[in-house]
Amino acid sequence: MNFNLTQIPNRSPKKRDSGITMVMDKGLSIREVEDLIEVSGDYFDIVKLGWATSHLYSRLKEKIDLYHKANIPVYLGGTLFEAFVVRDQFNDYLDILDKYDLTLAEVSDGSIDMEHGKKCEYIHQLSKKVTVLSEVGSKDADKIIPPYKWIELMQKEIDAGAWKVIGEAREGGNVGLFRSSGEVRSGLVEEILTKIPYEKIIWEAPQKAQQVWFIRLIGANVNLGNIAPNEVIPLETIRLGLRGDTFHDFLKPTTVR
């Protein structure tokens, strides 16, 4: 921080369990990763190589190693996990985790139909090897999951060994937790939070208005995901009340003289 400002919310220090910022890398070059780490590395915690884009990177190991050298864990998008599972190649997926020294893995079922007990078996098995993130919610905008079901699925996946559960929104922020317009399904989120601790959930919130909504609801140390690389520092300013959207949220009432 370059300036001494009072009334700034306390941010959990890295390596943190809450206040996590998860960045979605959808195809950054090596040079772009170097620049991202140089400029914003202090302000994000984990990186997701979006859906199955990692299958196409020509310098995948080099990219992952760059993040790891900066102490930023990387994981492969849940859609890639599903692509292996649907082809009966789960053991090949395990080999990939070893090949690239990955310590995180995402388990999801947003694109395939999977019996939930089987999903929990995958979570349990993977949790013996790596730290597991599990994603709840469908990528199908027409598939509406009622709040009680979100809670039930999240709790079972936490019990199976998931470190965090991810609230699905896709990279556009227009399914799952959100309406097609991007508006937060506020009743759903608030009901989830009556049963699931906020620090156990990463909310996918790629749009600024969504990020502001969650920070106002939960605070500066809410876990947020699917953040674009060029939005890491702007998000941090929202968390700290240093952007117009949350400028007054963390200030004591006062009169400017």
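Return a yes/no flag: does the range 32-48 have any residue that is surrounded by fewer than 20 Cβ atoms within 10 Å (Cβ to Cβ), aromatic (F, W, Y) and either at pLDDT 95 or above or assigned to a helix (DSSP H, G or I) (or both). Yes.
Of the residues examined, A209 is not one that is within 13 Å of the chain's Cα centre (by Cα) and surrounded by fewer than 21 Cβ atoms within 10 Å (Cβ to Cβ). Residues that are part of a helix (DSSP H, G or I), over 23 Å from R11 (Cβ atoms) and of a type in the set (D, E, K, R) do occur in the range 49-62, at least one of them.
Could you grab me the full set of residues in the range 92-127 that are over 18 Å from D159 (Cβ atoms) and modelled with pLDDT under 95? I'd like the intermediate steps shown before the answer.
Quick first cut of the range 92-127, residues over 18 Å from D159 (Cβ atoms) only: 92-104, 110-113.
Scanning the range 92-127 gives G110, S111, I112, D113.
May I ask you to say which residue of G110, G137, G77 is surrounded by 13 or more Cβ atoms within 10 Å (Cβ to Cβ) and either in contact with a Cys (Cβ under 6 Å, 6 or more places away or on another chain) or on the phi > 0 side of the Ramachandran plot (or both)? Outline the logic, then answer.
Working: G110 fails: either in contact with a Cys (Cβ under 6 Å, 6 or more places away or on another chain) or on the phi > 0 side of the Ramachandran plot (or both); G77 fails: either in contact with a Cys (Cβ under 6 Å, 6 or more places away or on another chain) or on the phi > 0 side of the Ramachandran plot (or both).
After applying the criteria, what remains is G137.
Residue under question is S12, and the condition is that it be within 23 Å of P206 (Cα to Cα), in contact with a Ser or Thr (Cβ under 8 Å, 6 or more places away or on another chain), at pLDDT below 95 and assigned to a loop (DSSP other than H, G, I, E, B); does it hold? Spell out the reasoning first.
Working: within 23 Å of P206 (Cα to Cα): yes; in contact with a Ser or Thr (Cβ under 8 Å, 6 or more places away or on another chain): yes; at pLDDT below 95: yes; assigned to a loop (DSSP other than H, G, I, E, B): yes.
Answer is yes for this residue.
Here is a yes/no grid of residues against (1) in contact (Cβ under 8 Å) with a residue 60 or more places away in the chain; (2) in contact with a helix residue (DSSP H, G or I) (Cβ under 9 Å, 6 or more places away or on another chain):
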site	(1), (2)
K208	no, yes
L217	no, yes
V222	yes, yes
P229	yes, yes
L235	yes, yes
R239	yes, yes
R243	no, yes
H248	no, no
L251	yes, no
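If you go through the range 184-198 and keep only what is within 18 Å of the chain's Cα centre (by Cα) and surrounded by fewer than 15 Cβ atoms within 10 Å (Cβ to Cβ), you end up with L193, P197. For the range 148-174, the tally of residues that are small (G, A, S), crowded, with 24+ Cβ neighbours inside 10 Å and at pLDDT 95 or above stands at 1.
Which of the residues that make up the range 161-180 are assigned to a strand (DSSP E or B) and without any contact (Cβ under 8 Å) to a residue 40 or more places away in the chain?
So in the range 161-180, the residues assigned to a strand (DSSP E or B) come out as 162-167, 178.
Across the range 161-180, the qualifying residues are W163, V165, G167, F178.
Report whether or not Y67 is touching a residue at least 60 places away in the same chain (Cβ under 8 Å) and within 28 Å of V107 (Cβ to Cβ). When the stated conditions are applied, Y67 does not pass them. Return the residues of the range 57-74 that are of a type in the set (S, T, Y) and crowded, with 16+ Cβ neighbours inside 10 Å; say none if nothing qualifies. Those that are of a type in the set (S, T, Y) and crowded, with 16+ Cβ neighbours inside 10 Å: Y57, Y67.
The values are calculated or read from the model by the stated rules, or taken from the named source; none is laboratory data. As the structure is a prediction and not an experimental result, all values here were calculated from the model. Virtual Cβ from ideal backbone geometry, glycine too; neighbours counted across all protein chains shown.
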